[in-house]
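The values are calculated or read from the model by the stated rules, or taken from the named source; none is laboratory data. Keep in mind that this is a model prediction, so the values were computed, not measured. All Cβ positions, even for glycine, are placed from backbone atoms using ideal geometry, and neighbour counts span all protein chains on display. SASA here: full protein model, heavy atoms, side chains in, ligands and nucleic acids out. Shrake-Rupley method; radii C 1.70, N 1.55, O 1.52, S 1.80 Å.
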Amino acid sequence: MSTDPGPHPALDLDDAVHQKTRLALLTVLDEAERADFPYLKRTLRLTDGNLGRHLDVLAGQGLVELTKGYEGRRPRTWASITPAGRRALAAEMQVLEALLRRFRGTGTT
Amino acid sequence: MESTTDPARLVPELDRLRARVRADQRATSAPLVVFGVLILLYPVLDGPLTGPLAAGGRHVALLAYWPIATAVGLVALWFAARHRARRDGVGAGRRDYGHATRRYLIALLLIVLLMLPVLFVGVFAPLVWPAAVLAALAWWRHDTQLGRWAAVTGVLGGAAAVLAVAAAGTADAGWLWLVWVGQGLLGLAMIGGAALARRRELAAG
């Protein structure tokens, strides 16, 4: 008797979140709540253009919120994670853990 | 962050990234140094500083020390985190010290208004108060290392309180000054622990 293992967990991965840079951005923002552009660039070793592009994708999905302001005369952009971003990250981590269990052969199939 | 999509490597890398952010927030070293200093100051208050006071004044000072010192410590941590956010561009996280301070002050207000005997913990088992605050912070901010320090402080504080109660009924309680020394040493150890935690945080950064 064969049992249906169900869809592979990899099918549950969200393309917007699973991309490794965006996943890293959400992870940093989940821990820090908010961070400015230079901190994210420094921590993830990204260029201005690369970071801006990935943040725009996340902001377009409503997963992060960008706030532009000034500190003195210096412009400063902050990114903060939204509740939807936290939920998306938590769901992604659950899928990754399910994949890990499957790879290690200890999960249910 | 390395370029990988293999979950077996990705998950630990994301954990390291979280650890790096927590290191940049000084999540463990900052509360340890603040509460280490507060623990170090308590024997000073209990000894030389309140020596000239009458017994009543001394009791009020001891009763007020931990409730006020904890509020001061939490506010200091809150302002330090805000300063770091402005300087380094990293926020303090969802469970920040601003929330912790507000919750503590509400709890303290309720304790005072309802005249709950919890306040006397600060007098009869002085180390149990900071241990409880550190344990609450460790639980709230998911910090295992802070939790270990809270446990050590609580156990030592509980033991010191039991010894003090046992000695109160005896004629020879002259050794009680050792409890002061022990508290001072614990404060110093906590500040030393903060320095070690900071070194680990710098290594993770």
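Observations, loosely collected:
- The order of B:His142, B:His83 by accessible area, most exposed first and with a 1.4 Å probe, is B:His142, B:His83.
- Between B:Leu110 and B:Asp88, the distance separating the two model label sites (each 7 Å from Cα on the Cα→Cβ line) works out to 3.3 nm.
- The range B:65-133 and the range A:50-96: distance between their alpha carbon centers, rounded to Å: 30 Å
- Net charge, B:Arg103 excluded, C-beta distance under 14 Å - Lys, Arg +1, Asp, Glu -1: +3
- With a 1.4 Å probe rolled over the protein heavy atoms of all chains, the accessible area of A:Thr67, A:Thr27 falls in the order A:Thr67, A:Thr27, largest first.
- Where labels lie 7 Å past Cα in the beta-carbon direction, separation of B:Ala166 and B:Leu41 in nm: 3.2 nm
- Three-way shape call for the range B:100-205 based on the alpha-carbon gyration tensor, with the a/c threshold at 1.5: oblate
- Between the C-alpha center of the range B:184-202 and that of the range A:32-49 there is a gap of 29 Å.
- Ranked order, B:Met115, B:Met190, A:Met93 - accessible area, probe 1.4 Å, largest first: B:Met115, A:Met93, B:Met190
- Each of B:Ile191, B:Thr144, B:Ala160 was placed along the dipole of the range B:91-205 (beta-carbon charges, centred on the mean Cα), and the one lying farthest toward the positive end is B:Thr144.
- Helix runs (DSSP H) in chain B reaching 27 Å along axis by Cα, Kyte-Doolittle at least -1.0: B:55-88, B:144-168, B:177-204
- Sparse packing (at most 13 other Cβ atoms within 10 Å of the Cβ) combined with a DSSP loop state is found for none of the chymotrypsin sites (Phe, Trp or Tyr not before Pro) in the range B:97-156.
- Karplus-derived HN-Hα couplings along the range A:74-87 (A = 6.51, B = -1.76, C = 1.60, θ = phi - 60°), whole Hz, x at Gly and Pro: 8, x, 9, 10, 10, 10, 10, 7, 9, x, 5, x, 5, 5
- Separation of alpha-carbon centers, the range B:145-167 and the range B:10-48, rounded to whole Å: 19 Å
- A:Ser80-B:Ala151 pseudo-label distance in nm [points 7 Å out on the Cα-to-Cβ vector]: 3.6 nm
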